[in-house]
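The values are calculated or read from the model by the stated rules, or taken from the named source; none is laboratory data. What you are looking at is a predicted structure, and each value in this text was computed from that prediction instead of being measured. Neighbour counts run over all protein chains shown; Cβ positions are idealised from the backbone, glycine included.
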Amino acid sequence: MGLASLQSAALQGLDAVPISIEVDACAVPEGGRHVVVGLPDAAVKESKDRVLAAIRNSGYSLQGPLITTVNLAPGDLKKEGPLYDLPIAVGLLRALSLIANNGKEDDYLLVGELGLGGEVRPVRGALSIAMLARQQGKKGVFVPKENAREAAAVPGIAVVAVGTLKEAVDFLLQPATIKPVSITLSESMFRNAKPLVDFADIRGQAHVKRAVEIAAAGGHNVLLCGPPGSGKTMIAKALIGIVPEMTVEEALETTKIHSIAGMLPERTSVVTTRPFRAPHHTISYAGLIGGGQVPRPGEVSLAHNGVLFLDELPEFPRPVLEVLRQPLEDGLVTISRANGNFTFPTRFICVCAMNPCPCGYLGHPDKPCTCGDFQVQRYGAKISGPLRDRIDMHIDVPALRYRDIKGDHVATENSDDVQRRVQAAREQQHKRYGGVKTNAQMSSQDLKKYCPLGPAEHRVLQHAMDSIGLSARACDRILRVGRTIADLQGVEIVNDEHLMEALGFRNAAAPQTVCT
C-alpha cells in the first residue's frame, strides 16, 4: 500500500497543459471509499467505477475493500473527460504494489478512456498532448491505438499505442513488448483530392469564376448575390478545388483543431485536405464561433485554413452573423469564461451566398419580382454594414440563359489549370512575407510597403471613397485585392488597372441595391 504519481494532460482551448495524477490507496477490513479531487467533472468522477472494473477484468486481484484518493493537480484547474482513466488505473496498480515500480512511467504522459473490460478507448486532443510531451522533454506518450497515428505526427517522441490496460502495464515492465508508432509527413501527402465540382462544369459566369480565382489566390472573402439556380452554391463548392495544397504547418494546425473538437476520423494521422464547412442557417452563435463551459472550437475554427460557406446569408439570425466580425477582421476568436480566455484561430476564406430579395427574382430578366420595396430593404438590412464592410468582394451572379448552359463548344478551364495560377500567386506571397501568409492578411504597414500608390492609383481610391461612399476599411480591402490581381499577373507594382478591376468586384449592382 502506498502512493503513486503519474503524468497526464488536460485540454485547455487548443493546447494541452500538464497534469499530475496522485493515487493513494490502502486496503481496509470492510467498507471502502473512492474519492477523486482536483475540480473533476462528472466524467472524471465516474472514472473510479470504470477503473476498478477494468483492473479486475484485466486479471489483477484487488485486495478486498479499498480506500483510494485520487488527486488531479493543479487543484484549481477544471478537469473534464474520461482521458484520465488509464493513468489512474496504472497509478492504482502501483499504489497497491500489483506492479513493480521501475520509474519508467515518469518518462511518459498517459491518456486514455477505459472500458469495463480493460480496453482503451480513443480520446480527443492526442496531437496537442503529444506536442506537450515533446515540450516537456518526455520520451513519449501512451495513447489509445485509434489515436496513435495522430500523435505520431509530432516528431521526436515515442508514441506507445495501447489497446488494453494489460498492454500498457506490460510495456512499463518490459518496453520491448510494444514497438512505438511512427509516421513521416511529406508535402506529397497534401495533394488535393479530385474536387466534387470542377471549374469546367460551371457554364457561363466568367466574371464570377475570375472573382473566385482571385479570392483563392489572396485568401479574400466573397459575397455572391443572385437569383436561385444561377450557380452560387456550385461555384462555392468549386472553390475548394482551386485553393493551394496545404503545407505541413497548416495541416498540423488544422488537425489540432479537429482533434480537440473530436472530429478527426479514426486512424487518421493528419488532415490532408483543406476543410470545407457549410453550417446550416439555424446554427447558434456558440456553434458558429465555439462555446461550452470549457469552450471547444466552432465552425469558424473548423474551417481554419479552408473555406467557410454561408448559404442563404440573410436567413442566419442577425446576432449569429454579428459574431463573425472578430473572426473576419483578426483571424481569431476569443471566448471568455470564468476559468479563463480561450483563443481559436479562424483564418479561412468566407464565401457567402444570398438572393437579391425574399422571392429571389429582383432584377431577373424573365421572372418578375413579387416583393415590395420595404420587403427588399428589410431583407438586405439583415446583413449589417460593418459585416458587409469586412467582405472583400461583392459579386453579382446573374441568371443563366439556355445558351450559357448548353455552350459545349466553348472551351473551359478545369480546376487544375486554375489551381496552378493560384499556387504561383500564393508562392509569390509566401516569398514576399516570409511565411504562410496571404494578401488578405496584410497589415497597414504591409500595405504601405508592398502597395505603393502613384497619382493614378490615388485617384481610383479617392473616387471609391467620395463617389461610391466606401469606408477606409473597404478601400484597404480593395488595395489588398488589387495586390492579388497583380500577383496573378506576375507583376510587383499595383497599378490603377488592378485597382479598377478590384473596385468592380466591390461595387456589384445587386448587393448595393438590396442592402442599406
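Matching residues to (1) under 18 Å from residue 215 (Cβ atoms); (2) over 29 Å from the mean Cα position of the chain (by Cα):
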residue: 420; (1), (2): yes, no
residue: 425; (1), (2): yes, no
residue: 431; (1), (2): no, no
residue: 434; (1), (2): no, no
residue: 439; (1), (2): yes, no
residue: 491; (1), (2): no, yes
residue: 494; (1), (2): yes, yes
Looking across segment 82-122 at residues that are surrounded by 24 or more Cβ atoms within 10 Å (Cβ to Cβ) and β-branched (Val, Ile, Thr), the single one that is nearest to residue 135 (Cα to Cα) is 111
So, first residue under 29 Å from residue 79 (Cα atoms) and in the same structural domain as residue 221 (by TED's automatic domain parsing) in segment 324-339, second residue β-branched (Val, Ile, Thr) and assigned to a helix (DSSP H, G or I), Cβ within less than 8 Å, six or more apart or across chains; the pairs are 327/289; 327/300; 333/289; 333/300; 335/289
Among helices (runs of 4 or more DSSP H) entirely within segment 399-516, at least 3 residues that are in contact with a strand residue (DSSP E or B) (Cβ under 7 Å, 6 or more places away or on another chain) and modelled with pLDDT of 95 or more occur in none
Wholly inside segment 4-81, strands (runs of 3 or more DSSP E) that include 3 or more residues that are touching a Gly at 6+ places or on another chain (Cβ under 9 Å) are 15-27, 66-73
Exactly one of 23, 35, 44 is surrounded by fewer than 16 Cβ atoms within 10 Å (Cβ to Cβ) and modelled with pLDDT of 90 or more, and that residue is 35
Picked from segment 213-247 (must be surrounded by fewer than 23 Cβ atoms within 10 Å (Cβ to Cβ) and among the hydroxyl-bearing types (Ser, Thr, Tyr)), the residue nearest to the chain's Cα centre (by Cα) is 247
The residue that is surrounded by the fewest Cβ atoms within 10 Å (Cβ to Cβ), considering only those in segment 256-283 that are farther than 23 Å from residue 349 by Cβ and in contact with a helix residue (DSSP H, G or I) (Cβ under 7 Å, 6 or more places away or on another chain), is 266
Boolean, residue 172 is within 30 Å of residue 308 (Cα to Cα) and not in a strand (DSSP E or B) | no
Scanning segment 180-205 for residues that are part of a helix (DSSP H, G or I) and aliphatic (A, V, I, L, M), the one modelled with the highest pLDDT turns out to be 200
Among the residues of segment 479-497, the number that are in contact (Cβ under 8 Å) with a residue 40 or more places away in the chain and of a type outside the set (S, T, N, Q) is 10
